[in-house]
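J.: Next up is a structure, given as structure tokens.
The values are calculated or read from the model by the stated rules, or taken from the named source; none is laboratory data. Computed from a predicted model, the values in this text were never measured in an experiment. Glycine gets a Cβ as well: all are built from the backbone with ideal geometry, and neighbour counts include every protein chain shown.
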Amino acid sequence: MRRTLDRRVLLVASLAAAFALAQCRAAGPDPAAQARSAAAWATVYEVLQHPRCVNCHPAGDVPLVGEHREVHPQNVQSGGNGMGLFAMACPTCHRDENTPGRHMPPGAPRWHMPPRNTPLVFEGRGARELARQLADPSQNGNLSPQQLLEHVKSDPLVLWGWNPGEGRAPVPVPHRTFVAAFQDWVEGGCRVPE
Ligand code: HEC
Ligand code: HEC
């Protein structure tokens, strides 16, 4: 009796997980929602390509700085786990909040970059390519569409893009517009635009 119940609970849990993963790949609920999803991607993509986001999602192991993708000073590297190497560990300089003053280290809780084994590259990715990458759990850090949405809604490193400290341009698309577009993109089936 007990065992059957456990099995049922397990089955429901794994179906829910499978559904969450499948959601993005499914055709999407209806053609209007699918069209909204594809259209919403332009707004999402514009934000993901902003320097405040690309600088921590570079094509290599080295974070970028400023508005023109300069290489981070002091030979800082991801260190493989994204937290930096030894004395150059990110929290040595990056605190929970921006340090006041131009060219001072920006800050937010758990400041780090994606680890080498899940690089989450935004730099240089075309619109269609990045949509496919983000919808694919094997390339997005194994997140379901719902988890992705939660991340862009509330992750401190994402929110920092709208409060980047002195001398840095914030992301120009309002955060709530970005979240609404991301939600449309997810709910219509994470469409890759034509
Ligand atoms: C030795 C101190 C130091 C260490 C260690 C360090 N940083 Fe920085 N970082 C800075 C300073 C200073 C700036 C500001 C540079 C400027 O604005 O000209 C900066 C800026 C940045 C920016 C640019 C933000 C933007 O959009 O302009 C990113 C991204 C960044 N750091 C990521 C990291 C990551 C990830 C690590 C760890 C792997 C790290 N940093 C380790 C000092 C450091
Ligand atoms: C300080 C570095 C940093 C900055 C700045 C940053 N991110 Fe990230 N981002 C990460 C890390 C690290 C992860 C991996 C998840 C984790 O470890 O928290 C991540 C994960 C993500 C993910 C989910 C995984 C995926 O497939 O991409 C999204 C979406 C994302 N970031 C969007 C953004 C957006 C949008 C901005 C700009 C508004 C931004 N990030 C700025 C470090 C950063």
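J.: Please find, within the range 71-83, the residue that is farthest from Ser154 (Cα to Cα) out of those that are more than 8 Å from ligand 1 (Cβ to nearest atom) and of a type outside the set (Val, Ile, Thr).
T.: Asn75
J.: Just give me the residues in the range 96-105 being on the phi < 0 side of the Ramachandran plot and more than 9 Å from ligand 1 (Cβ to nearest atom), in sequence order.
T.: Asp96, Glu97, Asn98, Pro100
J.: If you don't mind, another one. Kindly indicate which of Glu187, Glu123 is of a type in the set (Asp, Glu) and either over 17 Å from Val54 (Cα atoms) or more than 16 Å from the chain's Cα centre (by Cα) (or both).
T.: Result: Glu187 is the single residue among Glu187, Glu123 that is of a type in the set (Asp, Glu) and either over 17 Å from Val54 (Cα atoms) or more than 16 Å from the chain's Cα centre (by Cα) (or both).
Every residue, every condition in (1) of a type outside the set (Ser, Thr, Tyr); (2) over 24 Å from Thr177 (Cα atoms); (3) at pLDDT 95 or above; (4) within 16 Å of ligand 1 (Cβ to nearest atom), yes or no:
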{"position": "Leu85", "(1), (2), (3), (4)": "yes, yes, no, yes"}
{"position": "His94", "(1), (2), (3), (4)": "yes, yes, yes, yes"}
{"position": "Trp111", "(1), (2), (3), (4)": "yes, yes, yes, yes"}
{"position": "Leu134", "(1), (2), (3), (4)": "yes, no, yes, no"}
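J.: Considering only residues that are within 20 Å of His50 (Cα to Cα) and away from ligand 2 (no atom under 13 Å from the Cβ), which ones fall in the range 74-103?
T.: Correct list: Arg102, His103.
Yes/no matrix, rows are residues, columns are (1) in a loop (DSSP other than H, G, I, E, B); (2) farther than 22 Å from Ala169 by Cβ; (3) more than 10 Å from ligand 1 (Cβ to nearest atom):
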site	(1), (2), (3)
Gly107	yes, no, no
Pro114	yes, yes, no
Ala131	no, yes, yes
Leu143	yes, yes, yes
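J.: Return the total of residues in the range 83-102 being under 20 Å from Pro58 (Cα atoms) and in a loop (DSSP other than H, G, I, E, B).
T.: Number satisfying all stated conditions: 5.
J.: Restricting attention to the range 29-58, and to residues there that are among the hydrophobic types (A, V, I, L, M, F, W, C) and within 16 Å of Gly126 (Cβ to Cβ), which single residue is nearest to ligand 2 (Cβ to nearest atom)?
T.: Checked the range 29-58; the qualifying residue nearest to ligand 2 (Cβ to nearest atom) is Cys53.
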